Structures are given as structure tokens and as C-alpha cells.
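See below for the structure under consideration.
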Amino acid sequence: MITSLQNETIKEIVKLKQKKYRDEKKMFLIEGFHLIEEARKKHSILQIITTLSDDFEEETLHVSQNVMNKLAFTRSPQPIMAICRQNNHSLIVEDGQRYLLLDRVQDPGNVGTMMRTALAFGYDQMIMSEDCVDLYNDKVIRATQGALFQMNVCVMNLKDAIVFLKHQGVDVYGTCLRDASSIETYQVKDKMAFVMGNEGQGVCDEILELCQHRLYIPIQTVESLNVGIASAITMYHFQK
């Protein structure tokens, strides 16, 4: 059992709390039994970290509560964490029918909600712009509730993604309030992609210019909807 915070192995694991090192090592941390079970299903776990005396099927590092408190993201951590391998997030699903694109979405809770919703409605892939919140941010991971290990996610330049999708025969819809048509005026098509924008600024003009269509959700009283809610309505409306 490792009890020292100065242990070199622990110091290396702590570095994974920083995006720079996560990207360099192609690894990330998860915390809690539920996320570990979801990661295990996809064989994503490299090492278990635990204060329990149990033996696990994966390589296991036993640590003291003091060390666990240092490694964990929450104030009252569960007695188990894991180091997981990152997936390859650079390839677009070529034969998909439904895509959700995120333009500079910054709130971890929104990204988690959108990922879970896309998974629930059978979307083939979620494509995030490179300036969205980090996919492996601990708050994003918790918000996905395990969907991170099931949903196909691609992180890339959104302009390149849209051009590629259009060449694949996918109709791309930008969500906005200006020069847009109601969601109710569009018919369900075989291949569709929906671009959801930044919480404060929406979809940027450069991205909107690449979209074949623009849509909005008719609402009353309030000026706009939370992007997570708007994406859920859109994805439900245009299910396969």
C-alpha cells in the first residue's frame, strides 16, 4: 500500500488532473464504482486505484485514504478510482445517419447532458470542436454518467467535419435565431447533422455559413433555451 504523497507513482498520477498531461499520456482518471463498471465493459481500464483490500481483475494500486483524497476530484471520494486509456477521437463515422456537432460548448454539465441524450436517441456520433471544454475534464466525465464509454465522440475542426459530412450526403442544420426556419418546417431525412453553439454566443457565423439549413425551436416568454435542452428537443424531433 502506498501511503506517501511524495511517492513518484502518485506524483505521476496526480499529473493526469491536468489536460496537458492527459493529452500527452493518452490517459485520464475516473472515480467511483459506476464509472469503473462502464469503463470495464469497454476494456478501457489500465489500472485500479483503491483504498479497499479487495483484489480486482485489473492491475491494482492500493493506497491510503490520505493518498486517495489527493488523487480524487470530490471532497468525499468513493474508495475506488481508475486510470483509463483515451480512445482515438479523430475519425468521423462515415456511414452514420445522425450526428450532433458542438461549437465551442464550454459547460461540462451541458456536454455531459448532450452526450447522454445523443446516446439515448441513437445518434451515431458526437463531434466536438477543438475549443469545446476538454472531453476528459473530470466534471464532463461525471456528467456523462458513463456515456463517455459508449458514445462515439470525435474532436476536430468543425469546418472540416461539416465539409466531410456534406460530401457523405449528410444534411447539416445550424441552430440559430437569425434567418432560420422553425424546427417544425423540416422533414426527417435519412442523414442529418445538427450544430449546437456556445452557451453565450451560439453557433459562430463561419460555421453557420457552411450549414445547408438553419433552424430554431419556437418558444414563448423566455428569450432562449439552455443548449443542453435545445439539443435534446432537436435530437428527439429528428430521431432516425
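The values are calculated or read from the model by the stated rules, or taken from the named source; none is laboratory data. Note that the coordinates shown come from a computational prediction; the quantities given were computed from them, not determined experimentally. Note: ideal-geometry Cβ built from the backbone for every residue, glycine included; neighbour counts use all protein chains shown.
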Here the qualifying pairs (Cβ atoms under 9 Å; residues six or more apart or on different chains; first in the range 162-177 and touching a residue at least 12 places away in the same chain (Cβ under 8 Å); second of a type in the set (S, T, N, Q) and assigned to a helix (DSSP H, G or I)) come out as Tyr173/Thr234; Thr175/Ser231; Thr175/Thr234
If we ask which residues in the range 6-24 are more than 31 Å from the chain's Cα centre (by Cα) and farther than 17 Å from Gln47 by Cα, their number turns out to be 1
If you go through Met156, Met128, the only one that is in contact with a strand residue (DSSP E or B) (Cβ under 8 Å, 6 or more places away or on another chain) and surrounded by 20 or more Cβ atoms within 10 Å (Cβ to Cβ) is Met128
So, first residue assigned by TED's automatic domain parsing to the domain that holds Pro108 in the range 129-156, second residue outside any loop (DSSP other than H, G, I, E, B) and of a type in the set (Ser, Thr, Tyr), Cβ within less than 8 Å, six or more apart or across chains; the pairs are Ala143/Thr113; Met151/Thr144
Exactly one of Gly202, Gly228 is surrounded by 15 or more Cβ atoms within 10 Å (Cβ to Cβ) and at positive phi, and that one is Gly202
Per the filter on the range 76-121, residues among the hydroxyl-bearing types (Ser, Thr, Tyr) and within 14 Å of the chain's Cα centre (by Cα) are Ser90, Tyr99, Thr113, Thr117
Lys26 meets each of (1) farther than 30 Å from Lys191 by Cα; (2) touching a Ser or Thr at 6+ places or on another chain (Cβ under 6 Å) with one exception, condition (2)
By residue number, the members of the range 1-15 that are surrounded by 15 or more Cβ atoms within 10 Å (Cβ to Cβ) and either under 22 Å from Val133 (Cα atoms) or among the small types (Gly, Ala, Ser) (or both) are Ile13, Val14
Flagged in the range 69-100 as of a type in the set (A, V, I, L, M, F, W, C) and assigned to a loop (DSSP other than H, G, I, E, B), in numbering order, are Ala72, Phe73, Leu91, Ile92, Val93
Requiring at least 2 residues that are of a type in the set (A, V, I, L, M) and crowded, with 18+ Cβ neighbours inside 10 Å, the strands (runs of 3 or more DSSP E) wholly within the range 16-68 are 27-31, 45-50
